[in-house]
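Undergrad: One structure, pasted below without further comment.
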Amino acid sequence: MRSSIKYSIFIIALLCSMKVCGQTDSENMIKQNIKEALLQNNGDRAQRSYNAWKEYANKTDTIVERIIKSCNNTPTFKSRVLIHWEMNTNPTFTDNNGGKYKGQTKDGVRNGLGAQYWASEDFYWGEWKGGNRSGYGIYTWPSGSVYVGHFSNSIRVGKGTYYDKTGTLIYYGEYKDNESIETFSLENYSAYKFSVSNYGDDIYMGETKDGKRHGKGIYMWADGDMWYGSWKEGSRDGYGILVKNDGTTRAGTWKENSYTP
């Protein structure tokens, strides 16, 4: 009952702001409310934002819908809410700057496979060693651009792929000291994109080929579970890790969506 009352107050506040203020001021207020819900270390508030999104997303000519569209697209906004909610629920630990980590550890530091969410809204899923990003992973910026590739001591180095905020592949090749170092042509790479896609109330955020999940990707269930790893022709295929909403993990190999211990 208490959570439903809080949710009702949240919705009423959105609607009242539409009546009290002018359109521009109203939009700014609701944008700020959404941003605070995404940034605030409060999983309950992020969940209410997600519920508001579900209620209003399909209604035409509403102020909420226009704001959602301004956040690139509806799946992108939904994925950001899910990331915030899931990473702030039962994190493995919280760092000194308020960042949240979920995943494997060794001697009290990030080691193995895991996800890190910073207060800046940067997000990383991938391999760690001694507390640093080392190995292969996905790094996303709030702008929507994405790097998928190798890291060493948290620096982009070796083979990597860069996608812009629309998911279009911009660069594939060698990196050194966080910078691309090769001349790249888009020829023969039009089939590859980085996609944020709805699957019912679930979200896939990762690489695709010819519209199918293929490469590295993250699958987020609406109940709070997350899976990161390799995909092939639409199925989980290769090494990955399942992080449950309660914080427990299972790492290993998947074949055609099935865990193979």
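The values are calculated or read from the model by the stated rules, or taken from the named source; none is laboratory data. Quick caveat: nothing in here was measured; it's all calculated off a predicted structure. Backbone-built Cβ (ideal geometry, glycine too); neighbour counts: all protein chains shown.
Per-residue answers, yes or no, for (1) touching a residue at least 12 places away in the same chain (Cβ under 8 Å); (2) of a type in the set (A, V, I, L, M, F, W, C); (3) touching a Lys or Arg at 6+ places or on another chain (Cβ under 8 Å):
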residue	(1), (2), (3)
W118	yes, yes, no
D122	yes, no, no
K129	yes, no, no
P142	yes, no, no
G158	yes, no, no
T161	yes, no, no
T166	yes, no, no
K176	yes, no, no
S185	no, no, no
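Undergrad: Another one. Hey, any hits in segment 119-129 for a residue that's of a type in the set (S, T, Y) and part of a loop (DSSP other than H, G, I, E, B)? Before you say what the answer is, go through the steps one by one.
TA: Within segment 119-129, the first condition is being of a type in the set (S, T, Y), and the residues that meet it are 120, 124.
Next, only the ones that are part of a loop (DSSP other than H, G, I, E, B) stay: 120.
Scanning segment 119-129 turns up at least one residue that is of a type in the set (S, T, Y) and part of a loop (DSSP other than H, G, I, E, B).
Undergrad: Return the pair list, or none, for Cβ contacts closer than 6 Å from residues in segment 82-105 that are assigned by TED's automatic domain parsing to the domain that holds G131 to residues that are part of a helix (DSSP H, G or I) and among the hydrophobic types (A, V, I, L, M, F, W, C), at least 6 apart or on different chains.
TA: From residues that are assigned by TED's automatic domain parsing to the domain that holds G131, the pairs are K100/M87.
Undergrad: Being modelled with pLDDT under 95 and closer than 29 Å to K209 by Cα narrows it down to one residue among V81, V148, V157; which is it? Reasoning before the result, please.
TA: On the way: V148 fails: modelled with pLDDT under 95; V157 fails: modelled with pLDDT under 95.
Testing whether each residue is modelled with pLDDT under 95 and closer than 29 Å to K209 by Cα leaves just V81.
Undergrad: Does segment 246-257 contain at least one residue that is within 25 Å of K100 (Cα to Cα), hydroxyl-bearing (S, T, Y) and part of a strand (DSSP E or B)? Spell out how you get there, then give the answer.
TA: If we filter segment 246-257 for residues that are within 25 Å of K100 (Cα to Cα), which is where we start, we get 246-252.
Add one more test, that the residue is hydroxyl-bearing (S, T, Y), and what stays is 248-249.
Cutting the leftovers down to part of a strand (DSSP E or B) gives us 249.
Yes.
Undergrad: Out of L186, L169, which single residue is farther than 21 Å from L242 by Cβ, of a type in the set (A, V, I, L, M, F, W, C) and in a strand (DSSP E or B)? Steps first, please.
TA: On the way: L186 fails: in a strand (DSSP E or B).
Answer to the check: L169.
Undergrad: Related question: Kindly indicate whether T248 is loosely packed, with under 15 Cβ neighbours inside 10 Å, under 25 Å from R133 (Cβ atoms) and among the polar types (S, T, N, Q).
TA: Numbers: loosely packed, with under 15 Cβ neighbours inside 10 Å: yes; under 25 Å from R133 (Cβ atoms): yes; among the polar types (S, T, N, Q): yes.
Here the answer is yes, as T248 does meet what is asked.
Undergrad: Considering only segment 189-205, state which residues are within 18 Å of G173 (Cα to Cα), in contact with a Lys or Arg (Cβ under 9 Å, 6 or more places away or on another chain) and not in a loop (DSSP other than H, G, I, E, B). Break it down stepwise before answering.
TA: In the first step, residues of segment 189-205 are kept if they are within 18 Å of G173 (Cα to Cα); the result is 189-194.
Pick out the ones that are also in contact with a Lys or Arg (Cβ under 9 Å, 6 or more places away or on another chain) and you get 191-193.
Y192, K193, listed by residue number.
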